[in-house]
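Novice: Handing you a structure now.
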Amino acid sequence: MAGKPMLHYFNGRGRMESTRWLLAAAGVEFEEKFIETAEDLDKLRNDGSLMFQQVPMVEIDGLKLAQTRAILNYIASKYNLYGKDIKERALIDMYSEGVADLGEMVLLLSITPPGEKEAKIAQIKERTLNRYFPAFEKVLKSHGQDYLVGNKLSRADIHLVELLYYVEELDSSLIANFPLLKALKARVSSFPMVKKFLQPGSQRKPPLDEESLEKARKIFKLK
Amino acid sequence: MGSRPKLHYLNGRGRMESVRWLLAAAGVEFDEEFLETREQLQNLKNGNHLLFQQVPMVEMDGMKLVQTRSILHYIAEKHRLFGNNLKEKTLIDMYVEGILDLLEMIIMHPFSKPEDQPKEVVNMTEKAVSRYFPVFEKILKDHGQTFLVGNQLSLADVILLQTISALEEKTPNILSAFPHLQGFSKKISNVPTIKKFLEPGSKKKPPPDDAYVKNVYAIFAP
C-alpha cells in the first residue's frame, strides 16, 4: 500500500501542524485534502471516515487514523523516531507531553477573545521561561548530547523545535538565555528535509489570519 | 524487578485515578504518598522530583514519571496491556485518546461553578451516548469478542470501564441503549484483578466531593 499519507484538516496549523512537522522531518511526502466548509466536514462524517466525528484524520497504510496523539505515535513508531526501548519511549513521551501542554496554550490563543489575550500571552511567557524552557535546557545539559533522548533524533526533538518556532513568533527574546535550546533549534533546522519545510512554498502553515480564523469558526461551529 | 511503584498525588481521583485502575488491572501492588499541603508540593518541586512542576508523578523502575499519558503508556507496555503489534497498539491509542477526551470532562467537572454543573452533566452524557459509546458498541458488536482489541485485556478496556463507571455515578442508566457495552462492563468488571479493585478497601478513590475541591485549590492555587 504505497500511497502517500493523506491529511484531512482545514488549511491552517491547528491540531494537524505537529503531524506535518513530524512527517516532514521524517522525510515523508504527504498530501492534504483541505476542509473548506462545514459541509466538507459533514461529508467526512457521513462517510464514516472519522472515528469520533473529528479531525485531524490521516489516511496512512490503509488506516484512517484519528486523534492527534495516536497519529503522531504511529508515525513516530513507523519511522523510528520513538526511541529504542521502553525507557527511552517513556522519556520521549514525557518530553512530548510537556511540549504539547505549552503548545496547547499557544494553539488556544488564536481563539481567545481579544480582551483575554494579553493575560494569556503573559501566562504563556511565564510558563515558557519558568517551567518548560528550563526543563528542556536541563535535560540537554545533563547529558551534553545533541538530542533529548538516546543520543539520536526522536519525535521529542522535532516537537520541541516546532514549539521553539511558535515561541519565537510570540517573543523572540524568550530563548535568549537557553543556549542548548538554541543549538537544538539550529541543528534540527539544518536537516535537509526540515530546511525545505521551513522555506516558503512548503506545506508548513502560517499563523492564522482573520480570514482563516473565520473560515475555521464556520467549519467547526465555534463561537 | 525492585520495589513497588509509588504514586504522588492528592488523596482523590483526579488525573491519577486512571493510573490506579491500570496498575490494579495489571495486578501491580503500589504505594501512595498523598499531597496534603502546599509545603509538600513545594518540597517535591524544590527537590527536582517533578519535571514540569506538576503531579501526577509515579516513581517506578528508577524513574520519576510525569504526564499521565506517559505513565499509562509505560505501565501498559511493561505489563502487556498495549497490544501485540503496531496496528493493535494504534487502535488502542485511538480508542484511549477518544475516551480520555470524555474522561477530561469528568475530571474537570467538580471545578466548574455549581450553577453550571447540572448542565455539564447533561452535556457529558450527551457526548458519551452520541459520540463515544456508539463507536465502542459497534466495535464490540462487529468482532463479538470480550475485549476491545486483539482478544485480550488492554489499556483501552481499563480506561473505558473507568469512564463508564464514573458516568454511571452521575447518570445510572447511561448504558441503557448499549447492550454490548453493558456486557463489556460486566465482563471486564469480573476480570479478577479488576474485580478486586472494585471491592471496598481497595485503592480506588471515592467520587470527588467539596472537601476534595477545597483541597485542590488550597494546594495548587498560585
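Novice: Could you tell me whether any residue of segment B:49-71 is of a type in the set (Ser, Thr, Tyr), open to solvent by less than 30 Å² (accessible area, probe 1.4 Å) and within 14 Å of another protein chain (Cβ to nearest Cβ)?
Specialist: yes
Novice: A further question follows. Just for strands (runs of 3 or more DSSP E) wholly inside segment A:4-73: which have at least 1 residues that are out of contact with any helix residue (DSSP H, G or I) (no Cβ under 6 Å at 6 or more places or on another chain) and open to solvent by 50 Å² or more (accessible area, probe 1.4 Å)?
Specialist: A:31-34, A:57-60, A:63-66
Novice: Might you check whether a residue that is within 14 Å of chain B (Cβ to nearest Cβ), in contact with a helix residue (DSSP H, G or I) (Cβ under 9 Å, 6 or more places away or on another chain) and touching a residue at least 40 places away in the same chain (Cβ under 8 Å) occurs anywhere in segment A:111-125?
Specialist: No, because not a single residue in segment A:111-125 is within 14 Å of chain B (Cβ to nearest Cβ), in contact with a helix residue (DSSP H, G or I) (Cβ under 9 Å, 6 or more places away or on another chain) and touching a residue at least 40 places away in the same chain (Cβ under 8 Å).
Novice: Mind checking which residues of segment A:66-75 are within 7 Å of another protein chain (Cβ to nearest Cβ) and at negative phi?
Specialist: Scanning segment A:66-75 gives A:Ala66, A:Arg69, A:Ala70, A:Asn73, A:Tyr74.
Novice: May I pose another question? Within the group B:Leu65, B:Leu100, B:Leu91, which residue is farther than 20 Å from A:Arg15 by Cα and in contact with a helix residue (DSSP H, G or I) (Cβ under 9 Å, 6 or more places away or on another chain)?
Specialist: B:Leu65
Novice: Go through the residues of segment B:60-70 one by one and say whether even a single one is more than 25 Å from B:Tyr132 (Cα to Cα), in contact with a strand residue (DSSP E or B) (Cβ under 9 Å, 6 or more places away or on another chain) and touching a residue at least 24 places away in the same chain (Cβ under 8 Å).
Specialist: Yes, because at least one residue in segment B:60-70 is more than 25 Å from B:Tyr132 (Cα to Cα), in contact with a strand residue (DSSP E or B) (Cβ under 9 Å, 6 or more places away or on another chain) and touching a residue at least 24 places away in the same chain (Cβ under 8 Å).
Novice: Based on this model, can you work out whether A:Lys78 counts as more than 20 Å from B:Met57 (Cβ to Cβ), without any contact (Cβ under 8 Å) to a residue 60 or more places away in the chain, open to solvent by 20 Å² or more (accessible area, probe 1.4 Å) and at the interface with chain B (Cβ under 10 Å from one of its Cβ atoms)?
Specialist: yes
Novice: List the residue pairs whose Cβ atoms are under 6 Å apart, where the first residue sits in segment A:211-223 and is under 11 Å from A:Gly12 (Cβ atoms), the second is surrounded by fewer than 15 Cβ atoms within 10 Å (Cβ to Cβ) and of a type in the set (A, V, I, L, M, F, W, C), and the two are 6 or more positions apart or on different chains.
Specialist: A:Ile219/A:Ala38
Novice: Among the numbered conditions (1) crowded, with 22+ Cβ neighbours inside 10 Å; (2) more than 10 Å from chain B (Cβ to nearest Cβ), tell me where A:Met94 comes up short.
Specialist: (2)
Novice: Of everything in segment B:142-178 that's among the acidic types (Asp, Glu) and out of contact with any Pro (no Cβ under 9 Å at 6 or more places or on another chain), which residue is least open to solvent (accessible area, probe 1.4 Å)?
Specialist: Only one residue fits best here, namely B:Asp157.
The values are calculated or read from the model by the stated rules, or taken from the named source; none is laboratory data. Predicted model only: the values in this text are computed from it and were never measured. When we count neighbours, we look across all protein chains shown, and the Cβ atoms used for this are built from the backbone with ideal geometry, even at glycine. What goes into the accessible areas is simple: the full protein's heavy atoms, side chains included, and nothing from ligands, DNA or RNA. Shrake-Rupley method; radii C 1.70, N 1.55, O 1.52, S 1.80 Å.
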